[in-house]
Amino acid sequence: MTETQTNINMKNRTKIKLVLDTIIFIAFLIAMEPRSSGIAIHEWLATSLIAVLVVHLLLSWDWITRITRRFIGKINNQSRFNYILNWSLFIDGTVIMLSGFMISESLMPALGIQFPRNFAWRGIHELSTNLFILLLGLHTALHWSWVVETFKRYVFQPVFRLFATSEKKDIAA
Amino acid sequence: MKILGRILIILAAFALVMGIAYTVVSAANAASSAIGVPAFERGEDGVRPQIPNHERPEFPGGEGHGLRGGVSGLRLILGTVKNIGIIAIIVALVLWLKDFMRKRKRDLQQVSE
């Protein structure tokens, strides 16, 4: 593969990641408010996020395998912390999913599955969701420079360029 | 094929974590039942608490079903702003801390030189 092809692949991957992460973030914010959006939207939206999260993990696969191999060896502290934080997010996210399935009022009954009622799962669901916000804040903070740089390159600059060209056209006309 | 394998690994990890979490919660429930914690306190349904005047018990997250459109829309916006606010505070704190550490490291290096 030539260097140009690799650059194009990297650019495409970054764009896909940006779109995907924005979707995850917005969907998460909507799913976080079941009392306003309704239980059905909350459950179906959160469950559909599993597919998007799998793609998110697939796009970061190289980083995951690289750090997993070198975790005990020589890596910088930020990567190690980031790795532990990502695992915490994964575990917490899975606990949210599981407890959500256990207290499901719309999704599971629609699939014909009924779990015995146990309000302990509700407590676990709330606790793990609150923890998830904190972990998500840390995750965003650690990737903040990437977020700023990518938004600048693929969102703000193209929009700015679009306005600049239309202004030039107006002046030329 | 490679991607399919990776998807299976991710799903297996999901299933493993779910299995462990389910086992831990079930074990905790069984342990609390063994030491004599009443079924309702363990969170199990079927045994109802004695509530005076048949008042409806309140559960966190249980209220608010069927809110009117305007109210639920406002609630969604306020809730979203609150969550974004929390994340923004954490991001600001971490960035400030990182900046502070970097400056301190630089100052210490300058002093040692």
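The values are calculated or read from the model by the stated rules, or taken from the named source; none is laboratory data. As the structure is a prediction and not an experimental result, all values here were calculated from the model. All Cβ positions, even for glycine, are placed from backbone atoms using ideal geometry, and neighbour counts span all protein chains on display. Just so you know, the surface numbers come from the protein's heavy atoms only, side chains and all, with ligands and any DNA or RNA stripped out. Shrake-Rupley method; radii C 1.70, N 1.55, O 1.52, S 1.80 Å.
Side notes on the structure shown:
- Neighbours of A:T65, meaning other residues whose beta-carbon lies under 13 angstrom from its beta-carbon, give a summed charge of +4 when Lys and Arg score +1 and Asp and Glu score -1.
- Of the residues A:K11, A:K152, A:K74, the one that moves most in a GNM of chain A with alpha-carbon contacts below 10 Å is A:K74.
- Total buried accessible area between A and B, probe 1.4 Å, nearest 100: 3700 Å².
- Relative contact order %, the range A:3-146, counting alpha carbon pairs below 8 Å whose residues are six or more apart: 21 percent
- Taken along the Cα-to-beta-carbon direction at a fixed 7 Å, the label points for B:I89 and B:L4 span 4.9 nm.
- For the residue pairs A:K17/B:K82; A:K11/B:K2; A:K152/B:K82; A:K17/B:K103; A:K74/B:K103; A:K74/B:K98, alpha carbon separations beyond 29 Å are given by A:K17/B:K103.
- Each 5 Å bin from zero holds the following percent of Cα-Cα pairs in chain A: 1, 7, 12, 16, 16, 13, 11, 9, 6, 4, 2, 1, 1, 0, 0.
- Comparing mean-square fluctuations of A:L57, A:L111, A:L135 from a GNM of chain A with C-alpha springs under 10 Å, the top value falls on A:L111.
- Between A:Q5 and B:L108, the modelled label-to-label distance comes to 4.7 nm, taking each label 7 Å out from Cα in the direction of the beta carbon.
- Solvent accessible area, Å² - B:L93, 1.4 Å probe, full protein context: 100 Å²
- Here the calculated FRET efficiency for A:A27 and B:F100, from their Cβ-Cβ distance with R0 = 45 Å, stands at 0.85, rounded to the nearest 0.05.
- Nitroxide proxy distance, nm - points 7 Å out along Cα→Cβ at A:L127 and A:S48: 3.1 nm
- Selected from A:T22, A:T140, A:T65 as most flexible by GNM, with chain A as the system and alpha-carbon contacts under 10 Å: A:T65
- B:S26 - accessible surface, heavy atoms, 1.4 Å probe, Å² rounded to 10: 40 Å²
- Accessible surface of the protein assembly as shown, 1.4 Å probe, proportion on carbon and sulfur as whole %: 66 percent
- Per-residue ³J(HN,Hα) for the range A:24-38, Karplus 6.51 cos²θ - 1.76 cosθ + 1.60, θ = phi - 60°, Hz, x for Gly and Pro: 4, 5, 5, 4, 5, 5, 5, 5, 6, 10, x, 5, 9, 7, x
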